[in-house]
Each structure stands twice: as structure tokens, then as C-alpha cells.
Ligand SMILES: NC(=O)c1ccc[n+]([C@@H]2O[C@H](COP(=O)([O-])OP(=O)(O)OC[C@H]3O[C@@H](n4cnc5c(N)ncnc54)[C@H](O)[C@@H]3O)[C@@H](O)[C@H]2O)c1
């Protein structure tokens, strides 16, 4: 803990946490509220895969818990697809908005070969387009006050998983976060947008596990046994929220970072670029870069220790652009 600010508090600030009626969002909301933040607990009450009727007032239960503990919160039942309605409710209740935790999400269980356009669209609508909708409504407020902390929720599924639409939607969130950060930086605003990659045992993972087992049984395969209680305890969702609360704090200067959190483990990820394979010499002889040169350069292209991070659009984050590297290389050759 820092000496100047031993306890990270949020007095006077307002957070919107979407999908906060249960699971990870609930824990984020409770922890923020326990540190003086006023919280809007948004949750439609959807099934894990976004299908079916809304199942009632889960957000009220979280609000009651926050109030019972001496905090301030209101419930909001709009779908995150209606970003303006959600943000209007935040302003109507508390008159400001400092922190947006985009947590609401659904998980559709289809593997790539089974994926339908309907399932793909439903996943993208909630996990990606709805984040666009929330951020479009919140952005003018954050710009006006020149301050904000935004957390996006991705997933380890984006590294590759049997849930193709979900994985794609979560990878999309990373690109959106990077671009929002890019614009905030260009406008010289104290707005930080970062990405959380959580792992936890929640309603989402349990119901998903059951759906997968049903499918396995239908296919004549054996059902997979649920994880032992000790593993589920280790994966309790409250073990994730410390990262969210840090990323939401004024002291946090991280920009466009991606952090894993879960089971008492935290780590940072970044996009890595390998050592460069220059084709300029080959070009002189052959007139153009050759596929065989790329084939022979596989060792260099796997050398990440000799590489750097790819740059953002204006070069303010990451290493030099490909063009800058080539120009430097050509100059060194002269
Ligand atoms: N649990 C994990 O291991 C895990 C891993 C990676 C990513 N995530 C992501 O973390 C986030 C939270 O997941 P969780 O595990 O707590 O899931 P969960 O299903 O337990 O909770 C998600 C909540 O979002 C709400 N929600 C769904 N659609 C909504 C909508 N249109 N508007 C408002 N609220 C809506 C649901 O009602 C639900 O209460 C999701 O974005 C999920 O994809 C979870």
C-alpha cells in the first residue's frame, strides 16, 4: 500500500457497474461501495446465455446489501443495449459519473462448427455493441469533466476456446478499449481505459457447464464432473474485484492495459512484437519481398525477447512503427 494513500477510497465519486446483480459485477459493486463510492447496480436479470425472460430483481438485493453496510446505491434494470437510458438513470440518481465498469455479459455455448448467425449476433449485441452503447452515452460526461476510469471485461476465451462468438466479442472489447484510450490521450484527458480478464466460478460458469454436459449426454458422451468444492472456493468472484477497484481509482495511471485476475492471481498481458525481419536486402536482389525469405526467417519472427510492443496509432504507446523501423534500418545500411 502506498504511504500517501494507504486506503484507496472513492468518496464523492459515482460508479456504474453493469451486470452487477450477481457474480463478478456484484463483487465489484460491493467493494467500490465499501470504499465510499456511490454505485448504480445495473442488471437486467438475464439468463447466462441472454435467452429467456428477465428473472427479476437481483440488482435490488445488491443495493440492499450496500445500504445495510452503510453505503449508497440504486438499482437499474435497463438492458446495457440501451446505454443512454442506463447513463440517464445514473445522472438522475447521483448527478455525476466517474467510473464505468462494463461487466454485463452473456456466454453462448456453441463451438465454431455449431455456431449460428442468431447466436453470434446475440453475443456480439450484448458483449460488444452494448459496451459501445454504454460508452457512447458516458463519453460526453467523462470528456466534459476531463476525468474518468473505464474498465472493460474481456475473457481468457479470447486466447482460443470452444465458444467462438464469445471469444470474438471479448477480443473486440480489447480493440475498443485501446481506441477509447487513444482518443482520451489525444484530447489530453485524465481518462483511463483498461481491460480486465477475469476467472471465477459464477452462475455463468455453472450454467454453461450444465449446458455443455447436456450436450455431451445427447451426443452419447459422459458428462464432465463438476469441479470439487475447494476449487470452486478458490475461484470465488470476490478474488477478482481488487484489480477492478485499483483500475477504477484516481491514483491508477495505467492506460490500455490488460490484466488477468482470478483465484488470488494477478498478471498483466500485452501484445508483443517479435524482432524484425527486414526484407530490404532481398528486395534489392529480387525486386520484392519473397515468401522463401519469410520461411527462412521463422526464427527471427519467433524471437520476442529481441522485440518490443506494437505502437498505438500515434506512436505514443508501444515501440516504433514498422515504417520507422525500416527507415532506420535502411539508414544504418547506407
Ligand atoms: N466467470 C468467469 O470466469 C468469467 C471469465 C471471463 C469473463 N467473464 C465476464 O465477466 C462478466 C461477468 O460474468 P459473471 O461470470 O459474473 O456472469 P453472470 O452470468 O454470473 O453475471 C452476469 C450478469 O450480467 C447480467 N446481464 C446480462 N445481460 C445483460 C444486459 N443486457 N443488461 C444488463 N445486465 C445484463 C446478467 O443478468 C447477470 O446478472 C461477463 O462479461 C463475463 O463474460 C467471466
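The values are calculated or read from the model by the stated rules, or taken from the named source; none is laboratory data. These numbers come from a predicted model, not from an experiment. Virtual Cβ from ideal backbone geometry, glycine too; neighbours counted across all protein chains shown.
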Check the stretch 267-274 and report whether any residue there is buried (at least 18 other Cβ atoms within 10 Å of the Cβ) and touching a helix residue (DSSP H, G or I) at 6+ places or on another chain (Cβ under 8 Å).
no
- Message: Any residue that is crowded, with 16+ Cβ neighbours inside 10 Å and part of a strand (DSSP E or B) - is there at least one of those in the stretch 277-285?
- Response: no
Of the candidates 192, 186, 170, the one satisfying the condition of being away from the ligand (no atom under 12 Å from the Cβ), surrounded by 24 or more Cβ atoms within 10 Å (Cβ to Cβ) and either in contact (Cβ under 8 Å) with a residue 40 or more places away in the chain or on the phi > 0 side of the Ramachandran plot (or both) is 192
Within the stretch 66-95, of all residues that are near the ligand (Cβ under 10 Å from one of its atoms) and not in a helix (DSSP H, G or I), the one surrounded by the most Cβ atoms within 10 Å (Cβ to Cβ) is 80
* Asked: Scanning for something over 17 Å from the mean Cα position of the chain (by Cα), at negative phi and within 9 Å of the ligand (Cβ to nearest atom), does the stretch 105-125 turn up at least one residue?
  -> no
From the option list 124, 141, single residue qualifying as in the same structural domain as residue 253 (by TED's automatic domain parsing) and closer than 23 Å to residue 250 by Cβ is 141
- Some residue of the stretch 96-109 being assigned to a helix (DSSP H, G or I) and touching a strand residue (DSSP E or B) at 6+ places or on another chain (Cβ under 8 Å): no
Okay, helices (runs of 4 or more DSSP H) sitting entirely in the stretch 201-268 with 3 or more residues that are over 17 Å from the mean Cα position of the chain (by Cα) and closer than 22 Å to residue 25 by Cβ, I get 203-218, 229-234
Here the residues within the stretch 17-63 that are near the ligand (Cβ under 9 Å from one of its atoms), at pLDDT below 95 and on the phi > 0 side of the Ramachandran plot are 45, 50
Checklist entry - Within the bounds of the stretch 290-301, is there any residue that is surrounded by 14 or more Cβ atoms within 10 Å (Cβ to Cβ), in the same structural domain as residue 50 (by TED's automatic domain parsing) and out of contact with any helix residue (DSSP H, G or I) (no Cβ under 8 Å at 6 or more places or on another chain)? => result no
### Message
Any residue that is more than 16 Å from the ligand (Cβ to nearest atom), out of contact with any strand residue (DSSP E or B) (no Cβ under 9 Å at 6 or more places or on another chain) and either assigned to a helix (DSSP H, G or I) or touching a residue at least 24 places away in the same chain (Cβ under 8 Å) (or both) - is there at least one of those in the stretch 126-141?
### Response
yes
